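Please read the structure below before turning to the comments.
What follows draws every value from the coordinates through simple rules; no lab data is involved. Since we're looking at a predicted model, the values are computed, not measured. Here Cβ is always computed from backbone atoms with ideal geometry, including for glycine, and neighbour counts include all displayed protein chains.
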Amino acid sequence: MILKLWGAVLAATMAMTTLTSAREYEVVVRNDIAFAEHDGTKLLGDLYLPKGLDKAPVLIGVHGGGWQVGDRKFYRNWGTYLAKNGYAVFAIEYRLMKPDVKVYFDASPISYATVDKNTTRFLLIYGHEDDIVDPKTQSERFLLALKQAQFFARTIVVPGAGHFFSVDPVDEGFGAYAGPKVLRFLDGAL
């Protein structure tokens with residue numbers, strides 16, 4: 001009887017702990033924060049904060065787009081989602097390529113995956129059916145390079161998803177598949 005009672009108390013305590021850590025925060029957004037200037041152009045970021053959490057871990061959101069297209073606003077839904085769950089997000093923009101400029105070694109993140117620079121933790125998320133970035137020749141090779149350089153690297157491969165799947169982490173599609181997995185990664189990695 002005492003063992004059953006102890007089990008019930010332990011289960012109740014674990015449930016309360018889970019509920020406390022699963023708190024949803026209100027979100028404060030600060031748009032258009034200048035963080036750098038290059039060639040006379042200010043680079044801006046949008047900061048998504050969990051209201052009332054003084055020391056939230058901060059994630060830097062860098063949009064994709066092959067150095068040709070993209071915007072920090074791509075993180076509008078993900079920034080809000082992560083801030084609601086206790087993570088601050090600073091979604092940044094960067095200088096896009098100018099016409100007729102070729103970018104090779106310097107643009108590839110694989111070029112910087114070295115053993116002496118391996119303290120960053122990576123979560124690589126991609127769609128299994130991506131028709132723009134080939135999973136076999138690009139995503140999986142990038143993951144391999146990170147692991148060979150002894151980075152902490154994990155993946156979320158979204159079954160059936162193409163390139164532009166992750167617009168909203170709470171929709172009923174591919175983003176909803178990835179959203180909770182991203183939170184589990186962050187909870188374990190930070």
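The table that follows gives values for the structure above.
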| item | result |
| --- | --- |
| I125, I132 arranged by Cβ crowding within 10 Å, fewest neighbours leading | I132, I125 |
| Cβ-derived FRET efficiency at R0 45 Å, V133 paired with L53, nearest 0.05 | 0.85 |
| Within-12-Å neighbourhood charge of K73 [Cβ basis; K, R +1; D, E -1] | -2 |
| Burial order of peptide ranges 74-83, 26-35 (average beta-carbon count within 10 Å, highest first) | 74-83, 26-35 |
| HN-Hα J in Hz across the range 181-186 - Karplus 6.51, -1.76, 1.60, θ = phi - 60°, x for Gly and Pro | 5, 5, 4, 4, 4, 5 |
| Packing-based exposure ordering (other Cβ within 10 Å, fewest first) of K42, K181, K55 | K55, K42, K181 |
